[in-house]
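Notes for the one structure printed next.
The values are calculated or read from the model by the stated rules, or taken from the named source; none is laboratory data. On a predicted model such as this, the values are computed, not experimentally measured, just so you know. So basically every Cβ, Gly included, is an ideal-geometry build from the backbone, and we count neighbours across all protein chains shown. To get the accessible areas, we keep the full protein, side chains included, count just its heavy atoms, and leave off ligands, DNA and RNA. Shrake-Rupley method; radii C 1.70, N 1.55, O 1.52, S 1.80 Å.
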Amino acid sequence: MEQTTSRAEPTDPPAAFGPGNAPPERIETDGLVLRRWEPEDLQARYDAVVESYEHLHHWMDWLREPPTLEGQRAWGELQAGSWPSDGSCNYGIFDAIDGTVLGVIGVHDRLGPGALEIGYWCHVAHTGKGVITRAARELTRILLGLDDIERVEIHCDEANTRSAAVPRRLGYRLDRIEDDGINAPGDTGRGMVWIKERDERQHH
């Protein structure tokens, strides 16, 4: 599946984002619009999660049970409070022509100074079209251009081959495979850590 997810909740204050050092709230690239969620996106986001539930919950620790509209509303309200929100910048991925929700991509500040993590998932009806690859390519480029950011990571379970294909396509290197626990039904408990460093960005 083309998605990754949090392995643990952040326990420390954000360490890489700083004043004026976060990615933009709207990004346009290669037929896609990545933008911060707005309150009016609630129904479309909820529908996308519901429609993709069977596709997603094998890999997503936050989606062990079917989603609720109220749960999505509460999450959206949290996102509306600040940018970043709770150490993350979460984007909807939209079709640039008709505004269809194609997926979600987020930047998470939980790795310590100098590093950020990208996580993502794709709507089940739009997998296999390069949506996540295009979004992650542009977001990686932007993040490695931020002050003091030296590397970007993508984490996924060893069994999640479609998710792992994204960093592989984008020139990330597989840094290690580590035991990180079983957090979702499809997990093996062996997590892949893919890394792209600032000095590698011009080569891919």
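Could you list, in sequence order, all residues of the range 123-132 that are surrounded by fewer than 20 Cβ atoms within 10 Å (Cβ to Cβ) and touching a residue at least 60 places away in the same chain (Cβ under 8 Å)?
VAL124, ALA125, THR127
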Exercise for review: Report, by residue number, each residue of the range 152-168 that is in contact with a Gly (Cβ under 9 Å, 6 or more places away or on another chain) and modelled with pLDDT of 95 or more.
Suggested key: ILE154
Revision key, fill the gap. Considering residues that are more than 13 Å from the chain's Cα centre (by Cα) and surrounded by 23 or more Cβ atoms within 10 Å (Cβ to Cβ), the number found within the range 104-122 is 0
Point to revise | ASP148 vs. criteria modelled with pLDDT under 95 and exposed (fewer than 15 other Cβ atoms within 10 Å of the Cβ) | key: yes
**Study point:** Residue, farthest from the chain's Cα centre (by Cα), within the range 82-103, restricted to residues that are open to solvent by less than 10 Å² (accessible area, probe 1.4 Å) and free of Cβ contacts under 8 Å to residues at least 60 places away in the same chain
**Key:** SER85
Exercise for review: Please find, within the range 8-33, the residue that is modelled with the lowest pLDDT out of those that are surrounded by 13 or more Cβ atoms within 10 Å (Cβ to Cβ), under 21 Å from ARG151 (Cα atoms) and aliphatic (A, V, I, L, M).
Suggested key: ALA15
Point to revise | Meets criteria (modelled with pLDDT of 90 or more, open to solvent by 60 Å² or more (accessible area, probe 1.4 Å), over 25 Å from ASP179 (Cα atoms) and more than 16 Å from the chain's Cα centre (by Cα)) for PRO39 | key: yes
